[in-house]
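Below is one structure. I have some questions about it.
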Amino acid sequence: MLSKREQNTGAIISMFAITLLLTYISLSIIGFGSENALLSTIGIVFLTSICLCLLVLRKYRKANKPLMIDYLNIGTQRFILALLMILYGIDKLLGNFFDYQLFALDSKLVDVSEFQLAWFFYGKNHWQELFTGIMEFVPGLFLFHRRTYYIAAIVLLPVTAQVFLLNFFFKIGGITFPAASILLACNLYILYSQKEKIVLFFKSLNFDIIDPLTGATKTVITILKSIGLLLAVLLIFIKVKPALFQSSYQKKYQGLVGVYTLKEMKKNSFEYRPVNDSGYYKDLYIEKQSRWNILRRFNGETDAFILKLNTHNDSIGLYINKDGIGDGPIIMDSATAFKGVYKFRGKYLTFTGIQLKDTLELVYEKQERIKPKTWFW
């Protein structure tokens, strides 16, 4: 049996779950209509849910029947969770859930909203959508049965958590984020309701294994385990080192990351405006991972490129990578390379040097609206 505080928490979750279900039913019948009608509907069902939960809680507290409170809390939450998971699952099984917009498909990637990107990604592969529907629909059915509801809640936890994270990080609009939060809360409370049995289960597990190793075999295995542990630590350190201990080269390179468009150009001391010229570069995409750098020529063709920086004198080399982007070997084209020095002031990146025996002065402007991904923390 749960404590009084835990039962109160469960009643609050049940109240929101009932509100969600009544809102869903009301909107299915009357439609969304105006914003005022929507808010009025939510307000009415919310007040109804509060009154209902308070009356039931008060009744069984006075009757000294705390087990009945647990029974009603868990029953309410698992039935509502089951019903909504089944409804969401059916839409995915029929391929009707992730309907990405035609407008988004005809827009530049930078102009597409996070919601549209998420819906396009999750709806692009029909098998993935089908599998997601199965993972919601089947456990939803099992939630209705008392013998199988707990295992169903365990299976559903990563599903409801993933839906919550999708809504949270991709800013899915409407009532979907509150709905995802309520469903996750129901799922967690159902699992938490059996906390004592879970603790007993883990305490009953015995991981003591009789060691069969003796003599030289035990020594060899111990040495191998130590080597394996050292290798794991070394690999982790190699992965973490660039983030913790950036070299001067890494700092300078990261400072250049961005998208640049050529604004001014001088060729052999005279102003030059390239038009459909394959020898010079209109746009530079300097990525956080240098093997993904791409440039666009004035004739519209693209190539992968490698930047080589000298941190002591700000010299720079821009080489076309004949092998293209990715993890393959770097094959630099030295014949067409730009070699010189650079200056980065404000949003302007200036190159001065030589390419194909011509002396060039190139002024690129950084596109502030196109930025590399950064974490919110």
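For a Förster distance of 45 Å, can you work out the FRET efficiency between the beta-carbons of I25 and T336, rounded to the nearest 0.05? Intermediate results must be reported in sequence, preceding the final value.
Working: r = 67 Å, r/R0 = 1.49.
That pair, I25 with T336, gives E of 0.10.
Let me ask something else about it. Cut-off under 18 Å on the C-alpha distance; same-chain residues fewer than 8 positions from K263 excluded. Which lysines are left, in chain and number order?
K282, K343, K347, K366
Averaging sequence separations of C-alpha pairs under 8 Å and six or more residues apart, then dividing by the length of the stretch 325-373, give the relative contact order as a whole percent. Could you put the intermediate results ahead of the total?
Details: 54 pairs, mean separation 12.8, N = 49.
Here the relative contact order equals 26 percent.
Based on the Cα coordinates of the stretch 1-127, what is the per residue volume of their convex hull in Å³?
Values: hull volume 19.9 nm³, N = 127.
About 156 Å³ per residue, rounded to a whole number.
Ok, one more. Which whole-number percent gives the relative contact order of the chain, counting Cα pairs below 8 Å spaced six or more residues apart?
Numbers: 468 pairs, mean separation 39.7, N = 377.
In percent, rounded to a whole number, it is 11.
Modelled label-to-label distance, L141 and Q162, 7 Å Cα→beta-carbon offset: nm?
Between L141 and Q162, the simple spin-label model gives 2.0 nm.
Straight-line reach from K92: which lysines have a Cα under 17 Å away, not including same-chain ones fewer than 8 places off?
Correct list for K92: K124.
Within straight cross-link reach of K239, meaning Cα distance under 18 Å, which lysines are found once same-chain residues fewer than 8 apart are removed?
K251, K288
When N is the residue count of the stretch 128-245, what does its C-alpha Rg come to as a fraction of 2.2 N^0.38 Å? List each step's numbers first, then the result.
On the way: Rg = 22.4 Å, N = 118, 2.2 N^0.38 = 13.5 Å.
So the stretch 128-245 has a normalised radius of gyration of 1.66.
Hey, if you put +1 on the Cβ of every Lys and Arg and -1 on every Asp and Glu Cβ in the stretch 161-274, which of F164, G258, T219 ends up farthest toward the positive end of that dipole?
Farthest towards the positive pole: G258.
Separate question: Rg (Å, one decimal) plus Dmax (Å, integer) for the alpha carbons of the chain?
Answer for the chain, Rg first and Dmax second: 30.6, 95 Å.
Non-local amide H neighbours of E264 (under 5 Å, H modeled in plane, Pro and chain starts lacking H): which ones?
It is V363, by chain and number.
What percent do you get for the relative contact order of the stretch 277-377 when only Cα pairs under 8 Å and 6+ apart count? Show your work: numbers first, answer last.
On the way: 186 pairs, mean separation 15.7, N = 101.
In percent, rounded to a whole number, it is 16.
Which stretch or stretches of the stretch 68-93 have amide N atoms under 20 Å from the point lying 7 Å from I134's Cα along the Cα→Cβ direction?
Label zone hits: 85-93.
If each residue of separation counts as 0.36 nm, what is the full-extension length gain between S107 and Q254 once their alpha-carbon separation is subtracted?
Numbers: separation 147, 0.36 × 147 = 52.92 nm, distance 2.88 nm.
Stretched fully, the S107-Q254 segment lengthens by 50.0 nm.
Okay, next question. Which part of the stretch 180-217 falls in the paramagnetic zone of S226, meaning amide N under 12 Å from the point 7 Å along Cα-to-beta-carbon?
Within reach of a label on S226: no residues.
For labels at T176 and L244 in the simple 7 Å Cα→Cβ model, what's the distance in nm?
Result for the modelled spin labels: 4.0 nm.
Further, regarding this structure: Apply the Karplus parameterisation 6.51 cos²θ - 1.76 cosθ + 1.60, with θ equal to phi minus 60°, to every residue of the stretch 259-269 and state each ³J(HN,Hα) to the nearest whole Hz, in sequence, with x for glycine and proline.
These are the phi-based 3J(HN,Hα) values: 10, 10, 10, 5, 10, 9, 8, 10, 10, 6, 6 Hz.
Here, each number is a calculation from the coordinates, and none is a lab measurement. If you're wondering where the values come from, they're calculated on a predicted model, not measured in any experiment. No Cβ is skipped: glycine too gets one built from the backbone with ideal geometry, and neighbour counts run over all protein chains shown.
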